[in-house]
Amino acid sequence: MNFLQDSLEGFLAREHRVVIVEVTAAKGSTPRDEGTFMLVAPTEIHGTVGGGQLEYDAIENARKMLADAGGEARLDIPLGPEIGQCCGGRVELTFTFADAQAREALEARLAEEERRKPQVWVFGAGHVGRALADALTMLPLNIFVVEARQSELDQLTSEVHHRLAALPEALVADIPPGSAVVIVTHDHALDFLIGQEALARTDLAYVGMVGSTSKRASFLHHLERQGIDRSAADRLVLPIGGTAVDDKRPAVIAAMTASEVLLAFAAWRQKGDAPTAAG
């Protein structure tokens, strides 16, 4: 079995006989939530409905359908000793042939999900910015990287949105509410300008800046000089990534910061302000 990591669009373009396996009900403790889906082709799959025996049974049932050898349009699976799993919940799976109509509906659903993904705006595409962009692309987020240097943007993956800007701080006002802003530029003065603009807003889920305790103190002095109350900095995470892991390598900072951003989005949703991406 080949677990390809290409895009869903690429998978559908390559595979002509596909069954869509979707979790249509999830009760109790389950490995994935309702609405999760995977695609099963004769020899390959895309995505996951939770792994383990549950997924094995789902793939086997879908392959039976593809081979005209039976298979059920719906499976109700208890996640207990019967299948060697101990989640304790129950999952209902539905199986649909990915005909033209089903593919069109799936593409529309994915487009809407993409539109609604929370946005993360990374200011700076240096070592930490690139590491952070790489880490965040693995998550269900829309990533925008802002830089004043084209040479740095050229080193980024194509999976993130590139923004070349002579005045990066000017873009902060147009970021959708509920987004996250992470400031990792090559210039402390520019960091402070972007941070000041971000903290002028109270509708961002997360504002973070790379640095140290001394940089935080310098930023507080900057706010004072601008006539801004120091309390505004209470909403600033500086240093990003925290201090629990004493490791300044870009990949480590990126991993810790990605966790902070996810937690911030979760807290924002709990307040009833779900992050919304721009159309």
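The values are calculated or read from the model by the stated rules, or taken from the named source; none is laboratory data. Bear in mind that the values here come from a model prediction, so they are computed numbers and not experimental data. Here the Cβ positions follow ideal geometry from the backbone for every residue, glycine too, while neighbour counts run over all protein chains shown.
Only one of the listed residues (Ala133, Ala102, Ala148) is surrounded by 13 or more Cβ atoms within 10 Å (Cβ to Cβ) and under 27 Å from Lys27 (Cα atoms). That residue is Ala102.
Determine whether Arg63 is modelled with pLDDT under 90 and either of a type outside the set (S, T, N, Q) or outside the structural domain of His161 (by TED's automatic domain parsing) (or both). No: the conditions fail for Arg63.
Within the option set Arg269, Arg249, Arg235, Arg230, being more than 23 Å from Thr202 (Cβ to Cβ), out of contact with any Phe, Trp or Tyr (no Cβ under 8 Å at 6 or more places or on another chain) and surrounded by fewer than 18 Cβ atoms within 10 Å (Cβ to Cβ) holds for one residue only, Arg249. The requirement of being touching a strand residue (DSSP E or B) at 6+ places or on another chain (Cβ under 6 Å) and under 24 Å from Ala166 (Cβ atoms) is fulfilled nowhere in region 255-266; no residue meets it. Within region 187-199, can one find any residue that is touching a residue at least 12 places away in the same chain (Cβ under 8 Å), polar (S, T, N, Q) and in a loop (DSSP other than H, G, I, E, B)? Looking through region 187-199, none of the residues is touching a residue at least 12 places away in the same chain (Cβ under 8 Å), polar (S, T, N, Q) and in a loop (DSSP other than H, G, I, E, B). There is no residue in region 239-251 that is part of a helix (DSSP H, G or I) and free of Cβ contacts under 8 Å to residues at least 40 places away in the same chain. Taken over region 4-54, the criterion of being outside any strand (DSSP E or B), charged (D, E, K, R) and modelled with pLDDT of 90 or more is satisfied by Arg17 alone.
Scanning region 159-174 for residues that are surrounded by 21 or more Cβ atoms within 10 Å (Cβ to Cβ) and not in a helix (DSSP H, G or I) turns up just one, Val160.
For region 215-234, the criterion of being assigned by TED's automatic domain parsing to the domain that holds Ala266 and under 15 Å from Val128 (Cα atoms) is met by none of the residues. Go through (1) touching a helix residue (DSSP H, G or I) at 6+ places or on another chain (Cβ under 6 Å); (2) touching a residue at least 60 places away in the same chain (Cβ under 8 Å); (3) among the charged types (D, E, K, R) one by one and return the number of the condition Arg130 breaks. Here Arg130 meets the rest and fails (1).
Does any residue of region 132-144 turn out to be over 20 Å from Lys215 (Cβ atoms) and more than 15 Å from the chain's Cα centre (by Cα)? Checked region 132-144: no residue is over 20 Å from Lys215 (Cβ atoms) and more than 15 Å from the chain's Cα centre (by Cα). Annotation note: of Glu34, Glu55, Glu9, the sole residue that is in contact with a strand residue (DSSP E or B) (Cβ under 8 Å, 6 or more places away or on another chain) and surrounded by fewer than 19 Cβ atoms within 10 Å (Cβ to Cβ) is Glu34.
Of everything listed in (1) more than 28 Å from Lys117 (Cβ to Cβ); (2) surrounded by 15 or more Cβ atoms within 10 Å (Cβ to Cβ), the single unmet condition for Gln196 is (1). At least 1 residues being outside the structural domain of Gly241 (by TED's automatic domain parsing) and either touching a Ser or Thr at 6+ places or on another chain (Cβ under 7 Å) or at pLDDT below 90 (or both) is the threshold, and among the helices (runs of 4 or more DSSP H) wholly inside region 97-158 those reaching it are 100-116.
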